[in-house]
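Inspection log for the structure reproduced underneath, given as structure tokens.
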Amino acid sequence: MAHFYFALTNPEADGLLKEEVKNFYPELKLSYSRPGFLTFKANHPVFWKPLFARVAGVSHGKVREDEIKVQRAWLYKREASYLPPKALQDLSDKTIFKIGETVTLVMMIGEDEYWIGEYPLSPTHFQTPGEVSSILEVAAPSRAYYKIAEAFEAFDLPFDHQERVLELGSAPGGASQFLLEQDMQVLGVDPAQMDEKILKHINFKHLRKPFEHLEQGDFSKDVDWIVSDINLPPTIILKEIDRLLKFLEPRGLVLTLKMNDPKHLELLSETVANFKKKGFRKVELKYLPSHRQEIALIALRS
């Protein structure tokens, strides 16, 4: 008996998802795909939880509009311009799923193309159809604002007022803006120029130097968090984090790891294990709605 699975991701990550399947789910064979929507087939049940998917679950296949007979469901549209039947949109708008429940997801992949899937709603899922971002659009210096905001929501990060954050590669200030909005004290490290409104904030300090040159003497106070969203290979970022952890003891890390090369997939499980050895009790990875070829890693000591 054949078993089918689906994954929703961002089109930029299609290649990463396929490579992940090739390396870690060899029993799955690509069945059907459109940008950002992929289905797979296996000859036996598979524990299906790919990293590079916003949502992934069991596929019940393609259906006609008149075959959609569901009492509770969310509707996901691959393109915002698609116009679904009003009754289906109304059903989605009024349906609520709770953590631990199985979500029935109607996926509108084309103008007249519908697929149905199911997946368990976990605490780190955005409780939105297709796990689209629930973060409202704001005037921010960069996309980094949305990535840290989504990580904050998905992982329920325990930021506390006036905690000290070391942000590596802070320019132009997208993530800094969100952190300052949470009443954090931010030390932004970057040789590039920061946005003026960030520089003027009372809780922001700019250390204009490469993060690789940070030394223990640069810190007069303890650091509670290290945050990074730098467009460099994860090998470089993780090496520098290891170096900083020799003289800093943050309670948490929030790292965006760039995965431009599929070979970096092999690093992820080893990286999680290494951070746990360093005393971080909770270490998790998640592909966030605003991600392209990258993934979030969070590590918490408690």
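The values are calculated or read from the model by the stated rules, or taken from the named source; none is laboratory data. Not measured: the values here are computed from a predicted model. Note that we place each Cβ from the backbone using ideal geometry, even for glycine, and neighbour counts take in every protein chain shown.
Looking only at the stretch 266-285, filter to residues that are within 16 Å of Glu20 (Cβ to Cβ) and surrounded by fewer than 19 Cβ atoms within 10 Å (Cβ to Cβ); which one of those is modelled with the lowest pLDDT?
Start the filter on the stretch 266-285 by keeping residues that are within 16 Å of Glu20 (Cβ to Cβ), which leaves 266-272, 285.
Still in the list and also surrounded by fewer than 19 Cβ atoms within 10 Å (Cβ to Cβ): 266-270, 272, 285.
Working: Glu266: 90, Leu267: 94, Leu268: 96, Ser269: 95, Glu270: 95, Val272: 97, Leu285: 98.
Filtering first and then ranking leaves Glu266.
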Total residues in the stretch 141-166, condition of a type in the set (Gly, Ala, Ser) and more than 16 Å from Ser228 (Cβ to Cβ)
1
Residue by residue through the stretch 53-77, note down the ones that are basic (Lys, Arg), surrounded by fewer than 14 Cβ atoms within 10 Å (Cβ to Cβ) and out of contact with any Phe, Trp or Tyr (no Cβ under 9 Å at 6 or more places or on another chain).
Lys69
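Could you tell me which of the residues Leu248, Leu257 is under 25 Å from Phe24 (Cβ atoms) and either hydrophobic (A, V, I, L, M, F, W, C) or in a loop (DSSP other than H, G, I, E, B) (or both)? Write out each step before concluding.
Values: Leu248 fails: under 25 Å from Phe24 (Cβ atoms).
That would be Leu257, the only listed residue that is under 25 Å from Phe24 (Cβ atoms) and either hydrophobic (A, V, I, L, M, F, W, C) or in a loop (DSSP other than H, G, I, E, B) (or both).
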Restricting attention to the stretch 244-274, report how many residues are touching a residue at least 40 places away in the same chain (Cβ under 8 Å), touching a strand residue (DSSP E or B) at 6+ places or on another chain (Cβ under 9 Å) and of a type in the set (D, E, K, R).
1
Ile109 vs (1) touching a strand residue (DSSP E or B) at 6+ places or on another chain (Cβ under 7 Å); (2) surrounded by 18 or more Cβ atoms within 10 Å (Cβ to Cβ); (3) more than 17 Å from Leu8 (Cβ to Cβ); (4) among the β-branched types (Val, Ile, Thr): all pass except (3)
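Being under 21 Å from Tyr114 (Cα atoms) and assigned to a loop (DSSP other than H, G, I, E, B) narrows it down to one residue among Lys69, Lys62; which is it? Steps first, answer last, please.
Details: Lys62 fails: assigned to a loop (DSSP other than H, G, I, E, B).
Matching residue, one of Lys69, Lys62: Lys69.
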Looking at (1) closer than 18 Å to Leu285 by Cβ; (2) of a type outside the set (Ser, Thr, Tyr); (3) without any contact (Cβ under 8 Å) to a residue 40 or more places away in the chain; (4) part of a helix (DSSP H, G or I), which is the one condition that is false for Phe178?
(1)
Within the stretch 83-134, count every residue that is closer than 24 Å to Leu51 by Cβ and in a loop (DSSP other than H, G, I, E, B).
15
Exclusive hit being surrounded by 16 or more Cβ atoms within 10 Å (Cβ to Cβ) and free of Cβ contacts under 8 Å to residues at least 24 places away in the same chain, set Thr9, Thr95:
Thr95
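Would you confirm, using the coordinates I've provided, whether Ser228 is assigned to a strand (DSSP E or B) and farther than 21 Å from Lys49 by Cβ? Don't jump to the end; show me each part of the working.
Values: assigned to a strand (DSSP E or B): yes; farther than 21 Å from Lys49 by Cβ: yes.
Here the answer is yes, as Ser228 does meet what is asked.
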Pairs only if they're at least six apart or on different chains, beta carbon under 8 angstrom, first in the stretch 205-222 and hydroxyl-bearing (Ser, Thr, Tyr) and surrounded by fewer than 10 Cβ atoms within 10 Å (Cβ to Cβ), second at pLDDT below 95 and not in a helix (DSSP H, G or I); list them, first residue then second.
none
Tell me whether the stretch 195-217 contains one or more residues that are among the aromatic types (Phe, Trp, Tyr) and closer than 28 Å to Thr9 by Cβ.
no
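This table checks each residue for (1) at pLDDT below 95; (2) among the basic types (Lys, Arg).
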| residue | (1), (2) |
| --- | --- |
| Ala42 | no, no |
| Pro45 | no, no |
| Val58 | no, no |
| Leu75 | no, no |
| Asp90 | no, no |
| Lys94 | no, yes |
| Thr102 | no, no |
| Asp112 | yes, no |
| Leu121 | no, no |
Can you find even one residue in the stretch 226-249 that is touching an Asp or Glu at 6+ places or on another chain (Cβ under 6 Å) and either among the polar types (S, T, N, Q) or surrounded by fewer than 16 Cβ atoms within 10 Å (Cβ to Cβ) (or both)?
no
From the residues in the stretch 136-159 that are farther than 13 Å from Lys286 by Cα and in contact (Cβ under 8 Å) with a residue 60 or more places away in the chain, which one is surrounded by the most Cβ atoms within 10 Å (Cβ to Cβ)?
Ala144
Would it be correct to say that Lys263 is modelled with pLDDT under 95 and either over 20 Å from the mean Cα position of the chain (by Cα) or surrounded by 13 or more Cβ atoms within 10 Å (Cβ to Cβ) (or both)?
no
